[in-house]
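The values are calculated or read from the model by the stated rules, or taken from the named source; none is laboratory data. Computed from a prediction, not measured in an experiment: that's the story for all the values here. Note that each Cβ is placed from the backbone with ideal geometry, even for glycine, and that neighbours are counted across all protein chains shown. Just the protein is used for accessible areas: all its heavy atoms, side chains included, with ligands, DNA and RNA removed. Shrake-Rupley method; radii C 1.70, N 1.55, O 1.52, S 1.80 Å.
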Amino acid sequence: MTRIFSGVKPTGHLTLGNYLGAVRRWAEVDQHRADALFCIVDLHALTVDHDPARVLRLSRQAATLLLASGLDPEVCTVFVQSHVDEHARLSYLLECVATDGEMRRMIQYKEKAARERARGGSVRLSLLTYPVLMAADILAYGADEVPVGDDQTQHVELTRDVAVRFNQRYGHTFVVPRATRPEVAARVMNLQEPTSKMGKSDDVGPGVVYLLDEPDAVRRKVARAVTDSGTEVAYDREERPGISNLLEILAACAGGDPEELSGGYTSYGALKKDTADAVVELLRPVQERHKELCADPAEVERVLRDGAARARETARPTVDAAYRAIGLLPAAD
Ligand code: TYM
């Protein structure tokens, strides 16, 4: 059976980008067609300046939102990365396979390190090694597929390279995974800055729609979305990034193809209104379920405990095999 692994990091409130690019697909399709594991990758949230209490809160919130989005613990495994030691255990071995040059070429590292330095801060070593931990997340589970948004493609490519290299040097140990992406909205852009990705840790709050935004806030943000000069509603990501982003969001929420949808509009205002309505309707059931789940935190904890136990069982044989293959003496029982 196909194995799927993916994750979300608790560095901010989950956004419409996370939902359309990844989480919705996990819930609607992936969990039903494969043996799927979905992870709140909390260790990854420690790679930039962080507030411990906030990471803890956001981890709980992300877990609750994944369940509210329809991940069914009877069907898939939902867990927290730091509850399963195999991730960190394998990450070190992969650091001995990946190279310094590969890490420094990662776009997200370059962008985040530059931002950190511009603020006068220092760059954590873990920001550089982040993609190796991500590779460990995926390879520990023998995942065939990794459903992600566009921004993670380079990290999954690196994971493939590391897996192939390890297998060649030390014998076949890892499945070589591939990234899968949604047909539309693989890269939802910031509504205020439509040439940058909508990210949960963005500073530009008004351009980011969060999954828990009230309908009024969603309508306000969409109404104020930066559009392009000109008045014609046309789908062209290069020349019309603002309008194209709205068309993609509308297509992802309400169905249809962004280019075809563009033909139905003669004004930006009408497009914005329909997009806002579609987003509000899409988020409504998630928010309702989130509210119910918040009333029962013990249930969320139970799901995470069971999920971690299942994840450990799945990952351990592969990680043990990697330890043997690379030449480490097995511990006596
Ligand atoms: P993260 O937490 O930034 O994002 C979680 C998922 O949401 C997707 N995504 C988007 N998709 C479309 N438009 C956007 N604006 C947008 N923003 C985010 C991301 O592509 C991702 O699929 N490194 C990963 C977390 C991770 C992981 C893994 C993922 C750690 N280990 C192993 C897969 C497998 C990250 O930072 O995702």
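What to note about this one:
- Inter-part distance where the stretch 110-139 and the stretch 18-89 are each reduced to a Cα centre, Å: 20
- The chain - accessible surface per residue (Å², probe 1.4 Å): 46
- For D257, solvent-accessible area (1.4 Å; no DNA, RNA or ligand), Å²: 70
- Full extension of the segment from S267 to E111, taken as 0.36 nm per residue of separation minus the current Cα-Cα distance, would add 52.6 nm.
- Three semi-axes of the equivalent ellipsoid, the chain, Cα gyration tensor, whole Å, largest first: 35, 22, 19
- Length gained on full extension, A321 to L125, computed as 0.36 nm times the residue gap minus the Cα-Cα distance: 67.8 nm.
- In nm, spacing of pseudo-spin labels at A298 and A217 (7 Å Cα→C-beta vector): 3.0
- The label-point distance for D49 and R178, in a model that sets each label 7 Å from Cα toward Cβ, rounds to 4.2 nm.
- Using the Cβ of A34 as centre and a radius below 10 Å, the other residues enclosed give a net charge of -2, where K and R count +1 and D and E count -1.
- Charged neighbours of A295, selected by a Cβ distance under 15 Å, balance to -1 (K, R count +1; D, E count -1).
- Calculated log₁₀ intensity ratio I(q)/I(0) where the Debye formula runs over C-alpha points of the stretch 158-245, q = 0.23 Å⁻¹: -1.11
- Carbon-plus-sulfur accessible fraction, the chain (probe radius 1.4 Å, protein heavy atoms only): 49%.
- Distance violations [Cα-Cα > 28 Å] among K112/K291; K110/K200; K221/K291; K200/K272; K112/K272; K112/K273: K112/K291; K112/K272; K112/K273
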